[in-house]
Amino acid sequence: MGKNWENKCHKCGLCCHEKAVYGRELVIDLDSWCEHFDPETKQCKIYAERFSQSTRCKKMTPIRAMFASYLHENCAYVQWARRFHIRFAKRRILRFIHSKTCPDEDSDENDLYEVFNA
């Protein structure tokens, strides 16, 4: 994919955070991110080498934009796929959590946090 494809990105940094699909929800942990992510700039510190330096980083392709359920609806690549009516992944409810401030073990929300400990 060329420069035009890469330029679609809004650079929100959410793809660099830990995420999980939990039922109908896409859960993004705002306290956990890739070791190369700079939380102040929301940019990758090794952007040019990210695919060779990090096994976690996946190249965004039209196929991922069309089918990946872990991409949120505001992602520019998802919006591109929706605009052309080729987004096939289910719409998910976006939910942000902060794993460093987990609820008590007795809480109803504890199951949600457990998906990140698997």
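The values are calculated or read from the model by the stated rules, or taken from the named source; none is laboratory data. Values in this document were obtained by computation on a predicted structure and should not be read as measured data. Using ideal geometry, Cβ is built from the backbone for each residue, glycine included, and neighbour counts are taken over all protein chains shown.
Any idea which of Ile46, Ile63 is aliphatic (A, V, I, L, M), modelled with pLDDT of 95 or more and out of contact with any Lys or Arg (no Cβ under 9 Å at 6 or more places or on another chain)?
When all the criteria are applied, what remains is Ile63.
Quick test of your reading of the structure: Lys90 fulfils all but one of (1) among the charged types (D, E, K, R); (2) surrounded by 13 or more Cβ atoms within 10 Å (Cβ to Cβ); (3) out of contact with any Lys or Arg (no Cβ under 6 Å at 6 or more places or on another chain). Name the failing condition by number.
Here Lys90 clears every test but (2).
Yes or no: segment 36-46 includes at least one residue that is surrounded by 14 or more Cβ atoms within 10 Å (Cβ to Cβ), aliphatic (A, V, I, L, M) and either in contact with a strand residue (DSSP E or B) (Cβ under 8 Å, 6 or more places away or on another chain) or in contact (Cβ under 8 Å) with a residue 24 or more places away in the chain (or both).
For segment 36-46, residues surrounded by 14 or more Cβ atoms within 10 Å (Cβ to Cβ), aliphatic (A, V, I, L, M) and either in contact with a strand residue (DSSP E or B) (Cβ under 8 Å, 6 or more places away or on another chain) or in contact (Cβ under 8 Å) with a residue 24 or more places away in the chain (or both): absent.
When the residues of segment 47-77 are narrowed to those that are touching a Cys at 6+ places or on another chain (Cβ under 8 Å) and polar (S, T, N, Q), which ends up surrounded by the fewest Cβ atoms within 10 Å (Cβ to Cβ)?
Applying the filter and picking the extreme gives Asn74.
Looking at (1) assigned to a loop (DSSP other than H, G, I, E, B); (2) surrounded by 12 or more Cβ atoms within 10 Å (Cβ to Cβ), which is the only condition Trp5 fails?
Unmet condition: (1).
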